[in-house]
Structure formats: structure tokens, C-alpha cells
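Input: a single structure, listed below in C-alpha cells.
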């Protein structure tokens, strides 16, 4: 049965997702001030980012184990997590006095983002049974823009104090939660799981096509958040080596943010070419950027930034298409749990990638500094291999 969908629904979900996910990279945007104020180590990039990731992973495991997004109203869950995530984010300005307290508060923030990002996709899936790839393209575009947003607030044209950046993003996330519960509601295609299911994860992983799509996503996640997290570092290293001045925060916002455009474009392309082919193409191009990265520090500023913009454009549009595929191949009454658990594994991989790459970047070996991002390309190889099997099996 077809249900007429009010035109306002998708834009409101997109705005709410953008607002909620602005909590994600606040720590990276204000990292120089945090390092100075709290005396953080040289590994602050991976520590601050990994704290959010570990919180997110823990949250997704809890949500998936208890199938919360399928048993209870996902809109109410989104609203509650938006408020609590905003509170944890603001608490960094009030309560963080050292590295441990900072990482703890970022961990808590990440825990509640688990009720925003995958639950937002679940809400979209409950509203848009047809054209889900397009809807998730807009939704992941909002996630990317939300991720980039703190960098915009910190760029030198605004130069907001670091505590103000925390306050603004927290207020924004709160507004997103209010918009979701006030104007969206649970979708017409929502199917409740009925109760706690001990065999939920086994039922999800039993699908061969689900596993192939998920493995493609896992390769993608080895690259995505490490590239985003290290982008300011990459820009600073190029500026230092070539003795030029760059507006690093603004460029980080633009390079990450361009992925929101490509996610929307990918959503439209998926209607004609299919989600699997769109995701695979993006993964191949971003993987090539990884392997070209050691050479970019000798490029002119124009070609250096061109490569980074191509990388930013192609590193993210596969995310919504992977989400579409795992939603399609999951049991109907366990879609929310399927999205949550695949995100949990994916972000575990991202956390490992961040820690490993940070250690290698700060080492003295061959892969230190300029050659480090080359290692991200192996995730693309793994993901593309799995996606080719999926495409051939169709």
C-alpha cells in the first residue's frame, strides 16, 4: 500500500540530522585551544576523535543489543538523544579540566550520537520505502555538513571562542531534536520488532548480500573518518612545507562539506545506476586519492587543493548507498538494529584506523607524515573487492 508522504518530511529530517551530527567534530574544530588549555599530548587528534567514536560504538552496541530503534518510537529516541548529547557537549566547557575529563565527556557525547545518526536513517527508511537511496543521500549529506559545521564556526572569518562553538552546536542539536519530534513523527512503513530478540544479530548476518554490502562499508570506514580527522593536519603540513598561509578551518569545512553535495548527487544517480555501482565507483576514486596522497605535498597549491576537493567529494557519497543496501537486505522488522550494528562495526574500524594512522604519522618510519594517508587506500581495496562480488551476484 502506498502512503502519501508530506513534502515537508524529508527537509525536516535532513535539518534535524544536520543539527544533531554537528556535535561530532566539535572537539577537532577547537582542538588547538583544547590542547593549550588542557595540556593534551601530540596524539590529541586520534584521542579526541576516538573518544567520540568509542562512545558511539558503545551506544550502537547497546541500542542494537536491546533493539531500541525497532521496539520504541525512533522519533522519541532521536529527540531524547539530541538533548542528552547536547548537554554532554556543553559540559566540556563547564567540566573539562584535563584529558581524562575531556575524553569522558566526548565519549558520552558519542554515546548519544548513536541515537541520532543511525536512528535518523531508520526514521527515513520508515517514511521512504521507495527512493530510499535518494532520501539517504540527502540525509548523509546533512551528516557531512553537520560534521563540517564546527570548522566553519572556528574559521578566522568568525573566530568564535572555543566555548561558544560548543554552546552553538549544542543549541543547534537541541533544535534538531525538537523539529524531529514536533513535525516528523514515526513513518507509515515502520514495523515494530515486538520485543527483545536474542537472535536478532544472527538473523541479520545470515544474509549473504547484507554481509557483502556491510564489508564494502567497512572498507570505506577505514578511510572516511581518518581522512576527515586528519584534514586540518594535512593542510597544516602542506602550509608548513611550502611556507604558505592557508585558512585551514575554512578549507576543512569546504573539503568535508563538498561531500554533502556528492551524497545528494549519488542519491539521484542510484535511482538509475543502482546503489551498489554508485558506492563502488566512489570508493575506487577516493582510494586512488589515498594512493596519490604522498605526492600532493610537492604539488602547486591549486593542484594540492584540487586533489583534496576530489577526495572530499568522493570519500563520502558511498555512505548513504551502503546504508540503502544494508537496509534492503536486512529483515524488515530489524532494519533499525541492522543499521545500528553495521554502524557499530564500521566505527570500530574507524577508531582503529585513527589510532593506527596517528601513531604512524607521528613516527619516524617510511610512512610517517607525507606517506601516512597512503595506508587508507587498503580499506578501499577491501571494500571494492566485496562490492564487486555483490554486483556480480545480482
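The values are calculated or read from the model by the stated rules, or taken from the named source; none is laboratory data. Quick caveat: nothing in here was measured; it's all calculated off a predicted structure. A quick note on method: Cβ atoms are made from the backbone with ideal geometry, for glycine too, and the neighbour counts reach across all protein chains shown.
Between 334, 339, 269, 305, which is within 17 Å of residue 201 (Cα to Cα), more than 16 Å from the chain's Cα centre (by Cα) and in a helix (DSSP H, G or I)? If you could, list the steps in order and put the result at the bottom.
Working: 339 fails: more than 16 Å from the chain's Cα centre (by Cα); 269 fails: within 17 Å of residue 201 (Cα to Cα); 305 fails: within 17 Å of residue 201 (Cα to Cα).
Matching residue, one of 334, 339, 269, 305: 334.
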Hits in region 349-387 (condition: at pLDDT 95 or above, out of contact with any helix residue (DSSP H, G or I) (no Cβ under 6 Å at 6 or more places or on another chain) and either closer than 19 Å to residue 46 by Cβ or exposed (fewer than 15 other Cβ atoms within 10 Å of the Cβ) (or both)): 375, 378, 385
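Working carefully through the options 379, 346, find the one that is under 19 Å from residue 125 (Cβ atoms) and either in a helix (DSSP H, G or I) or more than 19 Å from the chain's Cα centre (by Cα) (or both). It would help to see each step written out before you state the result.
Details: 379 fails: under 19 Å from residue 125 (Cβ atoms).
Matching residue, one of 379, 346: 346.
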Going through region 1-26 one residue at a time, which ones are in contact with a helix residue (DSSP H, G or I) (Cβ under 7 Å, 6 or more places away or on another chain), in a helix (DSSP H, G or I) and either modelled with pLDDT under 80 or over 30 Å from residue 368 (Cα atoms) (or both)? 9, 10, 12, 13, 14, 15, 16, 17, 18, 19, 20, 21
Going through region 35-46 one residue at a time, which ones are under 22 Å from the mean Cα position of the chain (by Cα) and either at pLDDT 80 or above or within 14 Å of residue 236 (Cβ to Cβ) (or both)? 44, 45
Restricting to region 309-340, give me the number of residues that are within 19 Å of residue 283 (Cβ to Cβ) and surrounded by fewer than 24 Cβ atoms within 10 Å (Cβ to Cβ). 6
Top-ranked residue in region 154-170 [being modelled with pLDDT of 80 or more and in contact with a helix residue (DSSP H, G or I) (Cβ under 7 Å, 6 or more places away or on another chain); ranked as surrounded by the most Cβ atoms within 10 Å (Cβ to Cβ)]: 169
Within region 69-87, track down each residue that is out of contact with any helix residue (DSSP H, G or I) (no Cβ under 6 Å at 6 or more places or on another chain), in a helix (DSSP H, G or I) and under 18 Å from residue 121 (Cα atoms). 71, 76, 80
Residues of region 259-285 being closer than 25 Å to residue 299 by Cα and modelled with pLDDT under 95, in sequence order, are 259, 262
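Per-residue answers, yes or no, for (1) in contact with a helix residue (DSSP H, G or I) (Cβ under 9 Å, 6 or more places away or on another chain); (2) in a loop (DSSP other than H, G, I, E, B); (3) touching a residue at least 12 places away in the same chain (Cβ under 8 Å); (4) crowded, with 20+ Cβ neighbours inside 10 Å:
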residue	(1), (2), (3), (4)
178	yes, no, yes, no
189	yes, yes, yes, no
209	yes, no, yes, no
216	yes, no, yes, yes
236	yes, no, yes, no
241	yes, no, yes, no
260	yes, no, yes, yes
282	yes, no, yes, yes
287	yes, no, yes, yes
Some residue of region 38-46 being in a helix (DSSP H, G or I) and out of contact with any helix residue (DSSP H, G or I) (no Cβ under 9 Å at 6 or more places or on another chain): no
When region 39-51 is examined, which residues are found to be surrounded by 16 or more Cβ atoms within 10 Å (Cβ to Cβ) and touching a residue at least 24 places away in the same chain (Cβ under 8 Å)? 40, 45, 46, 47, 48, 49, 50, 51
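Touching a residue at least 40 places away in the same chain (Cβ under 8 Å), under 27 Å from residue 358 (Cβ atoms) and part of a helix (DSSP H, G or I): which single residue out of 250, 292 fits that description? Explain how you work it out, then say what you get.
Numbers: 292 fails: touching a residue at least 40 places away in the same chain (Cβ under 8 Å).
Criteria check complete, one pass: 250.
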